[in-house]
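Novice: Questions regarding the structure given below will be posed in turn.
The values are calculated or read from the model by the stated rules, or taken from the named source; none is laboratory data. Bear in mind the structure is a predicted one, so any value in this text is a computation, not a measurement. Here the Cβ is made from the backbone with ideal geometry for all residues, glycine too, and neighbour counts use every protein chain on show. To get the accessible areas, we keep the full protein, side chains included, count just its heavy atoms, and leave off ligands, DNA and RNA. Shrake-Rupley method; radii C 1.70, N 1.55, O 1.52, S 1.80 Å.
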Amino acid sequence: KGQLFGLLFCPPRINWEPLNLVPNPFTVEMHLFNPQNGGGGAQNTKLTLRVGDSLTILAPDTVKNNGKTQTQILGLIPPLGSIVARWTVRASESKECTEDLVSSLQFKAESSSISSPIFINDSTGTDTCEHPIIIECANDDQLPPILDPLVTDSVGGKQLTIHDDRATDKGLKSITWKATASTDSLNFMIELIPTLTPCSKSKHTLSIHQKDTTKAGCIEVFYEDCAGHKDDTVICFNAHYPPHIPDTIAPRIYDDTVLTIKKAMLIIADTTIVDTGISQFSIGQPTFGSALSSVDPQIAPCSKLVHAVTITRSDSLHSECIKYTVTDCAGNIRVDSICFTGTLGVRSETSNSVFSILGNPSSGRATIQITLERAQDVTLRIVDALGREVRRVDVKGLSQGENLIPLQTNELVSGTYYVIVEIDGKQFTKSLKVVR
């Protein structure tokens, strides 16, 4: 082997049988190795092959001087890295012990170079030429295993290919790995493909995948060849989080049910993938009496739980709507109301027996069905969730018994409304859903 500026190389290996002059053309192969374990590596490396009169370089095709000189630009050889250059050469005649083949190495634009003569035997079978350097290089594995560039696959895993398959190599003996001290080893799936057969010179790929990409970690890989060369490398994974999608959706009201004239229940949640969870619930002050709210479970800010809210008022005489506010952890606010029917002036009939809403939910039209004990006038009012009146209809001269009153809803936006029927100074209330 030779050495120049810390770079090691074996003399060329030739698939040439001098006794029979075959094959022809033949190949010349040069292995270069950078043994330095640090720094920027061997940069701007060039390897030039020059041949004598009886030989011609055929490939690579950038040949100069009538096939006598060819330079391969190899570029960077990283620390502990290696590279192989190959040429195809044809012999026109054999010569006895002539320096027909010379390789030279040029590195970092220096004028210095190393040349090593390679002798080709003649066709007579005389054993006057020996190849001590070639024999030494071929029989002595001087080079550690090769690490190919790390590859990241389509699902974010990493694949490291390790091999020891050069002409002088003896193959891989072992490949092992472990998680570093700060890494959760259970967060990684690691597989060696194929299963290692010692000294077989096969290429092996270590496939490493994170189970949870939000956890960073490193895996240390140890490898050894059958000549006793040991080395290791570390493969690290950064933490990756899903792309942030702003939460612009207010909390949702999944159910609002009036249980009694004093109590109602709401089911509220903020649980979709872009939501941030509920941070606060509050109720407004009712017009009559007072009101309290209890939330089950208690709100743990931003926990994305579903909450059952019970609203209890102290007054049972008056009909009224109590406003409530729900806020999520992104600052989105939903304001709505729950409406109660009082007992003041209400006859023994419930609102269910007085009127019903046909076509509820409504996408444009509904019908109010009212049953009256006598002919009379009726007033219909529609209020929104905040208790604001959005429509009022005074219906004159309804007859005794069943009456149908058409109600247009195509001008109302989607949401929950309340239909209040006033008969003889008494109020009956039902909820109306408008959908689009």
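Novice: Scan the range 385-410 for residues that are touching a residue at least 40 places away in the same chain (Cβ under 8 Å) and buried (at least 17 other Cβ atoms within 10 Å of the Cβ) and jot them down.
Specialist: Matches in the range 385-410: ALA385, LEU407, THR409.
Novice: Out of SER111, SER92, report the one residue that is modelled with pLDDT under 65, of a type in the set (S, T, N, Q) and more than 48 Å from the chain's Cα centre (by Cα).
Specialist: Unique residue meeting the criteria: SER111.
Novice: Keeping to the range 284-302, report how many residues are surrounded by 14 or more Cβ atoms within 10 Å (Cβ to Cβ), farther than 26 Å from SER431 by Cβ and out of contact with any Cys (no Cβ under 9 Å at 6 or more places or on another chain).
Specialist: Selection size over the range 284-302: 0.
Novice: If you don't mind, another one. Restrict the check to the range 153-164 and report whether at least one residue is open to solvent by less than 30 Å² (accessible area, probe 1.4 Å) and more than 30 Å from GLN142 (Cβ to Cβ).
Specialist: Scanning the range 153-164, I find at least one residue that is open to solvent by less than 30 Å² (accessible area, probe 1.4 Å) and more than 30 Å from GLN142 (Cβ to Cβ), so the answer is yes.
Novice: THR195 - would you say it is exposed (fewer than 12 other Cβ atoms within 10 Å of the Cβ) and in a loop (DSSP other than H, G, I, E, B)?
Specialist: Yes.
Novice: Here's a follow-up. Restricting the first residue to the range 132-151 and requiring it to be over 21 Å from PRO79 (Cα atoms), which pairs with a second residue that is at pLDDT below 50 and of a type in the set (D, E, K, R) meet a Cβ separation below 7 Å and a spacing of at least six or different chains?
Specialist: CYS137/LYS1
Novice: Check the range 272-283 and report whether any residue there is of a type in the set (D, E, K, R), open to solvent by less than 40 Å² (accessible area, probe 1.4 Å) and more than 30 Å from THR161 (Cβ to Cβ).
Specialist: There is at least one residue in the range 272-283 that is of a type in the set (D, E, K, R), open to solvent by less than 40 Å² (accessible area, probe 1.4 Å) and more than 30 Å from THR161 (Cβ to Cβ).
The rows are residues; the columns are (1) under 28 Å from TYR241 (Cβ atoms); (2) polar (S, T, N, Q).
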residue	(1), (2)
ILE193	no, no
LYS201	no, no
HIS204	no, no
SER207	yes, yes
THR213	yes, yes
ALA216	yes, no
ILE219	yes, no
TYR223	no, no
ALA227	no, no
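Novice: Can I ask one more? Quick check: is even one residue across the range 285-306 of a type in the set (Phe, Trp, Tyr) and within 33 Å of the chain's Cα centre (by Cα)?
Specialist: No.
Novice: Follow-up question, since we're still on this one. Of the residues in the range 48-71, how many are open to solvent by 30 Å² or more (accessible area, probe 1.4 Å), modelled with pLDDT of 75 or more, under 51 Å from the mean Cα position of the chain (by Cα) and not hydrophobic (A, V, I, L, M, F, W, C)?
Specialist: 2
Novice: Something else: Can SER103 be described as open to solvent by less than 50 Å² (accessible area, probe 1.4 Å), small (Gly, Ala, Ser), touching a strand residue (DSSP E or B) at 6+ places or on another chain (Cβ under 7 Å) and modelled with pLDDT of 50 or more?
Specialist: no
Novice: Here's something else I'd like to know. Mind checking which residues of the range 202-248 are modelled with pLDDT of 90 or more and of a type in the set (Lys, Arg)?
Specialist: Answer for the range 202-248, where residues must be modelled with pLDDT of 90 or more and of a type in the set (Lys, Arg): LYS203, LYS230.
Novice: Let me ask something additional. Looking at the range 222-269, which of the residues that are part of a loop (DSSP other than H, G, I, E, B) and among the charged types (D, E, K, R) is least open to solvent (accessible area, probe 1.4 Å)?
Specialist: Taking the candidates together, the pick is ASP247.
Novice: Now for a separate question. Would you point out the residue of the range 173-187, among those that are part of a strand (DSSP E or B) and under 12 Å from VAL221 (Cβ atoms), that is most open to solvent (accessible area, probe 1.4 Å)?
Specialist: Per the stated criteria, the residue is LYS178.
Novice: Just to be sure I understand the filter: pairs with C-beta atoms under 7 Å, separated by 6 or more residues or on different chains, first member in the range 411-433 and at positive phi and at pLDDT below 85, second member open to solvent by 30 Å² or more (accessible area, probe 1.4 Å) and not aromatic (Phe, Trp, Tyr). Which pairs pass?
Specialist: Matching pairs, first to second residue: GLY425/GLY345.
Novice: Now a separate question. I'd like to check something: does the range 212-220 contain any residue that is open to solvent by 60 Å² or more (accessible area, probe 1.4 Å) and in contact (Cβ under 8 Å) with a residue 60 or more places away in the chain?
Specialist: No, because not a single residue in the range 212-220 is open to solvent by 60 Å² or more (accessible area, probe 1.4 Å) and in contact (Cβ under 8 Å) with a residue 60 or more places away in the chain.
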